[in-house]
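**Student:** Mind looking over this structure? Questions follow.
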Amino acid sequence: MTTGNMRIKALSFIILMCFVSILNAQETPTGTPSSPQTNQSNSQSNQTPTQTSVYQQRMEEERRRRQQDQAFDRLRSLEEIHNRNGESAEIQVSNINTLYRNPTRKELELLQPDPRDIQKYATFVKAKNAGLFVLIPDAGCSENTQILVVTPECSRYSMPGAGSSYSFRTRNYRIPRLADLTYDGESLIGNGALVDVIFVDVGDVALEKMTPGSNGLQFINEFEPITDPNKAFERSELLGKGVANGGFVYGRGVFATEGTTFFMRSIAYRGKQMRAAGRLVYNEMDYDKRMDILVGFRIIRKGTDGRITILWKEFKRQKSPKMEEPK
């Protein structure tokens, strides 16, 4: 029994005792009733004082019983309200945890890479900070985790992000707000909350041959974090249009082209992104790993259903700065 339930039980007992004390104090004395009038019926005049006293006692006991039942009903209502509120909070916490959970093994089985790719890149993915995963096009259900009325596609991919968003920082599928990559069926974009993402397409170059000193990486490496929210927004808009530098174009998204290698810098700022679940308010950033990373990845396969297989390698990871509070 929780502390809250124990308090409700104790309160119930105290209030009940108060009702009983009041009723006892208001109880009418059961002395000898007045003599019946001469014009009463024979049945009434024949009723003895003892019978009348017993009748009045029973009526008084019934009245007290009804009042006690009403008191118990009120106390039960209080307890039910307490229990409902407690259950609601538990459900809200459960919904929050579900939104940021890791996919189950059964869910991940639906996104297994092609066995041929697993075999071909087995040695590469065994190296530190490398891997292989599949993304499916966002079908509009990327943030559903407890699906009630949805398309068959959403019901099938029930993990957070619905298989269309991935975080290199946590190395798992996530909801778009906490992801580094989101696949819309044509492009790969970075639209996470408090995340500064920049991509560059370096062409048909084997990822195994790429290093932090490869062509196209200088601009990304020199990309400085901006902790002022207004200035960060301005730069994000600029990157949304694309920035040309040294023969390469840098931006917040790239076309998902098979046989192409990309580099990506993702700066997930530390800070506050407040959200609410019912009456519970929380900082969504507490459910994420906020880091500044540099990753190279290559789209090695694109299926007829639109899904893409990505081979990746992380080149750098460091602590990210904290975004300033808006003034």
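The values are calculated or read from the model by the stated rules, or taken from the named source; none is laboratory data. This is a predicted model, so every value here is computed, not measured. Note that we place each Cβ from the backbone using ideal geometry, even for glycine, and neighbour counts take in every protein chain shown. Surface accessibility is based on the protein's heavy atoms, side chains included, excluding ligands, DNA and RNA. Shrake-Rupley method; radii C 1.70, N 1.55, O 1.52, S 1.80 Å.
**Student:** With every protein chain left in place, what is the accessible area of Lys231 in Å² (1.4 Å probe, nearest 10)?
**Tutor:** Number for this one is 120 Å².
**Student:** Can I ask one more? If you take the beta carbon distance between Val281 and Leu108 as r and set R0 to 30 Å, what does 1/(1 + (r/R0)^6) give as a FRET efficiency, to the nearest 0.05?
**Tutor:** 0.40
**Student:** Can you find, among Thr260, Ala244, Phe315, the residue sitting farthest towards the positive end of the charge dipole of the stretch 233-327, where Lys and Arg contribute +1 and Asp and Glu -1 at Cβ?
**Tutor:** Phe315
**Student:** What does the C-alpha gyration tensor say about the overall shape of the stretch 260-317? Classify as rounded when a/c is under 1.5, otherwise prolate if a/b is larger than b/c, or oblate.
**Tutor:** It is oblate, given that a/c is not under 1.5 and a/b is not larger than b/c.
**Student:** Here is a follow-up. Work out the P(r) tail for the stretch 172-327: percent of alpha carbon pairs separated by more than 25 Å, whole number.
**Tutor:** 31
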